[in-house]
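The values are calculated or read from the model by the stated rules, or taken from the named source; none is laboratory data. What you see is a predicted model; the values in this text were computed from it and never measured. Don't worry about glycine lacking a Cβ; one is built from the backbone with ideal geometry, like all the others, and counts go over all protein chains shown. Protein only, heavy atoms only, side chains kept; ligands, DNA and RNA dropped before computing areas. Shrake-Rupley method; radii C 1.70, N 1.55, O 1.52, S 1.80 Å.
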Amino acid sequence: MSATRYAYLGPEGTFTEVALRTLPEAATRELVPMLSVPAALDAVRNGEAAAALVPIENSVEGGITATLDELAGGEPLMIYREVLLSITFALLVRPGTKLSDIKTVTAHPAAQPQVRKWMAEHLPGALWESAASNADGARLVQEGRYDAAFAGEFAAATYGLEPLVTEIHDAANAQTRFVLVGRPARPSAPTGADKTSVVIWLADDHPGALLELLQEFAVRGVNLMLIQSRPTGEGIGNYCFAVDAEGHIADRRVGEALMGLKRISPKVRFLGSYPRAGVSPDEVRPLRPGTSDTAFTEASDWLARSQDGRI
């Protein structure tokens, strides 16, 4: 395995590359652009890269399905950290292009919900077609295949384009969350401001099936930050659920919730426990009474004493 290579959703000039370069270790790694999320994650699976940074969620549309599906299937991988990046788009065009000249536009599918209203107002007749990434859309404009691309303004110089309009976004303060993914290993130590990600499969489709899974978190005071259903590919009505929960697998409440899920679910895939981006331990909400590690230890000790007749 190449320990010095990090893959990312490319080509050069993507928001993913910008996010990756915010990591201190990126300065000492060879950064390798890949043309798709599956390609970036497969580079880790086959040993071509030590890790890959890929988008997993945005604040407008929620989870990035390509990433969720790749992490749920195939050879297991683990998330080791996350990066939050504020997103605003520029409309990139070949030099000399005017707004009235634009008949076709392109970008990554996740960009469309973030610029839909702007496009309806300013380019109502333009045809949208998806690209593998926003930077790839810029490359396609450079090649003359489309008239304009929504991408980061920073990508303009890379592809010889001009930002015709900047600061485009339908939702103020839009963010995208990226995750650094590697091969499975021991998670880093808890920080007090952590997140745990798992994928859970339903045993069968019956009334209350999802509630049964969620109760494993709820009764232990574990807050859920994301839950998104994804089809398993095994027929209509067969779903798995990508879940992000507050806390670390080493926390008793989280560990016991995962054990509870394993008892009632045919399959649970642990995707990692890692520090939450931009959150310090002081900013984490107080635990519900009875859900701290101390409370779990005291309850376990009480049970042992009761079993031994030391009541």
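Mind listing just one residue for me: the one in the range 220-245 that is touching a residue at least 24 places away in the same chain (Cβ under 8 Å) and more than 17 Å from Val199 (Cβ to Cβ) and, of those, most open to solvent (accessible area, probe 1.4 Å)?
Asn223
Taking the condition over 15 Å from the mean Cα position of the chain (by Cα) and free of Cβ contacts under 8 Å to residues at least 24 places away in the same chain, does Gly74 pass?
When the stated conditions are applied, Gly74 does not pass them.
Identify the residue in the range 27-48 that is among the small types (Gly, Ala, Ser) and over 19 Å from the mean Cα position of the chain (by Cα) and, among all such residues, is farthest from Leu71 (Cα to Cα).
Restricting to residues being among the small types (Gly, Ala, Ser) and over 19 Å from the mean Cα position of the chain (by Cα), the top hit is Ala27.
Checking Glu167 against (1) buried (at least 20 other Cβ atoms within 10 Å of the Cβ); (2) at positive phi; (3) not aliphatic (A, V, I, L, M), which test does it fail?
In the conditions (1) buried (at least 20 other Cβ atoms within 10 Å of the Cβ); (2) at positive phi; (3) not aliphatic (A, V, I, L, M), Glu167 misses (1) alone.
Results for (1) without any contact (Cβ under 8 Å) to a residue 40 or more places away in the chain; (2) buried (at least 18 other Cβ atoms within 10 Å of the Cβ), shown as yes or no for each residue.
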{"site": "Glu129", "(1), (2)": "yes, no"}
{"site": "Ala151", "(1), (2)": "no, yes"}
{"site": "Ala157", "(1), (2)": "yes, no"}
{"site": "Pro163", "(1), (2)": "no, yes"}
{"site": "Ala172", "(1), (2)": "yes, no"}
{"site": "Gln175", "(1), (2)": "no, no"}
{"site": "Arg183", "(1), (2)": "no, no"}
{"site": "Arg186", "(1), (2)": "yes, no"}
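Which is open to solvent by 30 Å² or more (accessible area, probe 1.4 Å) and at positive phi, of Gly47, Gly62, Gly96, Gly125?
One residue alone meets the criteria, Gly96.
Restricting attention to the range 189-218, and to residues there that are within 25 Å of Phe296 (Cβ to Cβ) and free of Cβ contacts under 8 Å to residues at least 40 places away in the same chain, which single residue is nearest to the chain's Cα centre (by Cα)?
The extreme case among them is Leu214.
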